[in-house]
Amino acid sequence: MIKNRMNIKKIHRKILHEMAKMSKKKIFFDFFEKKVEKSGGLWGKMRNFVAKFHLSNVRMRFLGNIEAKTDAKGRVFLPSVFRKVLQSSGEEKLVMRKDVFQPCLVLYPESVWNEQMDTLRQRLSRWNARHQLIFRQFVADVEEVTLDGNGRFLIPKRYLKMAEIEQTVKFVGMGDTIEIWRSADGDKPFMEAEEFGQALEEIMGSSTENGL
């Protein structure tokens, strides 16, 4: 009886694992046994069951400011805390491009990149020449990144040059993306404390007034 129940649990786990691999979204399962009957003195013989599942977006949260060094080939280890976030969300690939506003590189999990690209595409017209230039500029100079078995990835030379990276870098978690700064810039405050406080007050204060 105990062995039979253990086999059923193994089947459940296997199904969870296989279905999780089929989606890059978190899957919540509720299993409902339709009929369990006593047979041959053994309880838990399951004739059939229904797997009910719900898909919901996984909210990735990359947090932290971590220093690392590139090797002579431009390879660097993605910090383990960020790798764990990727693994838990089922992400396997990253997309890298230079930030639009700052002299740093940005790593997008593939799903986040696709969402941003879709959002931009929806706001731009294919029949507007300037819009096409904007979209082309955004998507043209990107690099697909895959981590090796040790958690390393290559930063191409042109990207090292764009971000003025020599050897030491700073990984900065930005919620659903990761920024890569040259160490000298990553050590500086991005905003002065007073300016930062005033900006937050203006943004969050107006949100509170609007009931947000």
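Where a number appears in this text, it was derived from the coordinates with a stated rule and is not lab data. Note that this is a predicted model, so its numbers are computed, not measured. All Cβ positions, glycine included, derive from the backbone under ideal geometry; neighbour counts span all protein chains shown.
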(request) Mind checking the full-extension length gain between MET204 and SER80? Use 0.36 nm per residue of separation minus the Cα-Cα distance, one decimal, nm. (result) 41.4 nm
(message) If I take R0 = 30 Å and measure r between the Cβ atoms of GLU115 and ALA184 in this structure, what FRET efficiency does the formula 1/(1 + (r/R0)^6) give, to the nearest 0.05?
(response) 0.40
(message) Need the full-extension length gain, THR168 to TRP127, defined as separation in residues times 0.36 nm minus the C-alpha distance. One decimal, nm.
(response) 10.4 nm
(request) Give, in nm to one decimal, the length gained when the segment between ALA140 and PHE196 is fully stretched (0.36 nm per residue of separation minus the Cα-Cα distance). (result) 16.8 nm
